[in-house]
Amino acid sequence: MRAVLLYLALRAAAFLAGAVSLDRARAFGRALGSLAWLVVRTERKRALEHIAFAFPDWNAHERRTTIKKMFRHLGETLMEVLWLPRLDETSRARLTQWEGLERLKPYLDAGRGVVIFTAHCGNWEWLANAFGALGAPTSVLQRERNDPRLNRFITEVRAKGGVITIDRGSEASARQMLGAIKRGALAFVIDQNIRTDSVKVTFFGHPALTPIGPAKLAVRAEAVCVTILIERREDGTHLARVSEPIETKRSDDPVALVALATRQIEEQIRRHPEQWVWMHRRWRERPKWDVSSQPPR
């Protein structure tokens, strides 16, 4: 029933987003986030605990202010995502700025396979849409949700922006991922602790289980690795930051690649802590999935 209600609420919000301007959709999203701050007590409490863990020197007021802003940001992000199908080339160029894209462009133009590490910073779906519009075939890996209608809905939103979605764990996913790298770019979010092949790396001064599969795949394919993160700016635009690309080879250490990308993600979160998902259990233990003591394959 919860999944049904969530899907129906999402469809209603999508209908609203399709009927109003982007500014109005964003305003509604911020209001929705403010309401969530008051209503979803479990997630609010967890987010406050996590930000205290990451920023022990902050006082209670700083933490509460940041988490309240986070809820507003996530509400705004949701409505932007639902509005994305209306985004055209002109408005995308006006609302999206790139920093460091010139570092990656030669590899894309040359048809090199690219593996992108990213995170739930800013509006990550806006980033996927903007990158897909650059011209290189773009795919993303997603964790399937319990409700297939939600999976289909999100996949269709991405597809309208020219982005292909690959479901993690499907029988053909490994083949699809390698094919995506050969054709263009494949993006992974690696800032969550999930049930998958993982390694412990330092995140905000504490060991955190982080997916290692994307880095192993990049090394296997000898792809170009790059971290790309996006942030929302006060003027309503989005800024996408492209790190220095790394040309990998079979002898490279995947753990080192994951550790570097995690440091870059942490730097971005420190710049805009209100634009990350603090309710996620980033530092929880999963003994079965901790492969930090195993050598890279």
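The values are calculated or read from the model by the stated rules, or taken from the named source; none is laboratory data. Since this is a predicted model, take the numbers as computed values, not measurements. Using ideal geometry, Cβ is built from the backbone for each residue, glycine included, and neighbour counts are taken over all protein chains shown.
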Condition met for Ala130 (out of contact with any Asp or Glu (no Cβ under 9 Å at 6 or more places or on another chain) and surrounded by 15 or more Cβ atoms within 10 Å (Cβ to Cβ)): yes
Filtering the range 124-137 down to residues that are in contact with a Leu (Cβ under 8 Å, 6 or more places away or on another chain) and not hydrophobic (A, V, I, L, M, F, W, C), which residue is farthest from Leu104 (Cα to Cα)? Glu125
Trp283 vs (1) farther than 29 Å from Ala110 by Cβ; (2) touching a Leu at 6+ places or on another chain (Cβ under 7 Å): all pass except (2)
Filtered residues of the range 160-181 (kept if within 17 Å of the chain's Cα centre (by Cα), outside any loop (DSSP other than H, G, I, E, B) and either of a type outside the set (S, T, N, Q) or surrounded by fewer than 17 Cβ atoms within 10 Å (Cβ to Cβ) (or both)): Val163, Ile164, Ile166, Asp167
For the range 168-181, which positions are under 28 Å from Tyr7 (Cβ atoms) and at pLDDT below 85? Arg168, Gly169, Ser170, Glu171, Ala172, Ser173
In the range 61-104, what count of residues is obtained for those that are among the charged types (D, E, K, R) and surrounded by fewer than 16 Cβ atoms within 10 Å (Cβ to Cβ)? 8
The range 120-159: number of residues that are closer than 28 Å to Leu5 by Cα and in a loop (DSSP other than H, G, I, E, B): 9
Taking first residues from the range 82-94 that are within 12 Å of Trp126 (Cβ to Cβ) and in contact (Cβ under 8 Å) with a residue 60 or more places away in the chain and second residues anywhere that are of a type in the set (Val, Ile, Thr) and assigned to a helix (DSSP H, G or I), the pairs with Cβ under 7 Å that are 6 or more apart or on different chains are Leu84/Val157
Is at least one residue of the range 12-23 surrounded by 13 or more Cβ atoms within 10 Å (Cβ to Cβ) and among the charged types (D, E, K, R)? no
Does the range 145-166 include one or more residues that are of a type outside the set (A, V, I, L, M) and within 26 Å of Ala256 (Cβ to Cβ)? no
Being closer than 30 Å to Gly18 by Cβ and aromatic (Phe, Trp, Tyr): is that true of Phe153 here? yes
